[in-house]
Amino acid sequence: MEIKKVCIVGASGKLGQYMVQHALDRGYEVIGVCREQSVEKLEKFKDRISIIPGATNDREVIERAVAGCEGVLTVLAPWGVNNYSSGTAQAVLDYAESGARLIFSCGWHIAKDGRDVYSTTFTTVLTIVGWVAKFFRFVDINDQVEACRRIFASDKLWTVVRGSDLEEGESQGLPLWCKHVGDPILKSNLTRRVDFALFMVEALVNDKLIHEAPAIVGCQTPSVLQFKRLIQST
Ligand SMILES: NC(=O)c1ccc[n+]([C@@H]2O[C@H](COP(=O)([O-])OP(=O)(O)OC[C@H]3O[C@@H](n4cnc5c(N)ncnc54)[C@H](OP(=O)(O)O)[C@@H]3O)[C@@H](O)[C@H]2O)c1
């Protein structure tokens, strides 16, 4: 299906705004969904995109926003303890056009097939951060896990992009990806946020990524450069 119109769910966040720019650069018509109080963050795009204000887990908002879109880019944010992330994912899965490409963002901590290998530090930090955040009721990482469980069980044309740690800065190009965390290529664990967004938008037209959960890393990071040198020397 040729991509002409895309919906960006969570368009006002940092990742969302980069995705809006990449989508406009490709000539796509863009529908952005964001919370009412965040509409002003999209001021610079206001003449070039349509904005539908509302909570991203509001099923009526999503039904309206994804109508007629060949692609939906969703920022899965584990905010609050009211199933925000899983509610958002479910609404997108339920209302997106059949045949539409659905791309979701999350982090390396999401595991699709149990074959990721995590360092002890990564697991410990995740457990502590997850526990503290849930205790103070502002983030529920388990709800993002539940969102992805539902996506993985769906027969829609999804891709779940698993981001490494992120940094700001100019684009370095399309990140590399691996099927599993623990692959030495990913060791640097760093991606520019603008390039995370680039990977999300490029995934719309990459059928090889359908039903994959690519773990990504910046293409100029030391672990990737080392991998490239190894390939050249063999
Ligand atoms: N941050 C990292 O280091 C990191 C690492 C790996 C992967 N990721 C993934 O990258 C994606 C983007 O994350 P990000 O950290 O870079 O942040 P981000 O792009 O700024 O996105 C945060 C999103 O959460 C929304 N949000 C903020 N507060 C909220 C609230 N109280 N209730 C409901 N929604 C709220 C924001 O909407 P508003 O504009 O309305 O506030 C925005 O859409 C996520 O899927 C995340 O899992 C992040």
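Every number here is computed from the coordinates shown, using simple stated rules; none is lab data. In this text, all values refer to a predicted model and were calculated from it rather than measured experimentally. Reconstructed Cβ throughout: ideal geometry from the backbone, glycine too, with neighbour counts over all protein chains shown.
Mind listing whichever residues of the stretch 42-58 are out of contact with any Gly (no Cβ under 8 Å at 6 or more places or on another chain) and part of a helix (DSSP H, G or I)?
Passing the criteria: 43, 44.
Listed here are the residues, each with its yes/no results for (1) touching a strand residue (DSSP E or B) at 6+ places or on another chain (Cβ under 7 Å); (2) more than 29 Å from residue 7 (Cα to Cα).
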| position | (1), (2) |
| --- | --- |
| 75 | yes, no |
| 95 | no, no |
| 120 | no, yes |
| 128 | no, yes |
| 131 | no, yes |
| 147 | no, no |
| 158 | yes, no |
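Residues that are touching a strand residue (DSSP E or B) at 6+ places or on another chain (Cβ under 7 Å), part of a helix (DSSP H, G or I), closer than 28 Å to residue 1 by Cα and within 14 Å of the ligand (Cβ to nearest atom) within the stretch 13-40 comprise 15, 16, 19, 20, listed in sequence order. For the stretch 183-234, a residue qualifies if it is part of a loop (DSSP other than H, G, I, E, B), among the β-branched types (Val, Ile, Thr) and surrounded by fewer than 18 Cβ atoms within 10 Å (Cβ to Cβ), and the qualifying residues are 205, 210, 234. Of the residues making up the stretch 139-179, those that are farther than 15 Å from residue 106 by Cβ and within 16 Å of the ligand (Cβ to nearest atom) number 6.
Of all the helices (runs of 4 or more DSSP H) wholly in the stretch 65-156, which have at least 3 residues that are free of Cβ contacts under 8 Å to residues at least 60 places away in the same chain and either under 26 Å from residue 50 (Cβ atoms) or touching a Gly at 6+ places or on another chain (Cβ under 7 Å) (or both)?
Correct list: 84-95.
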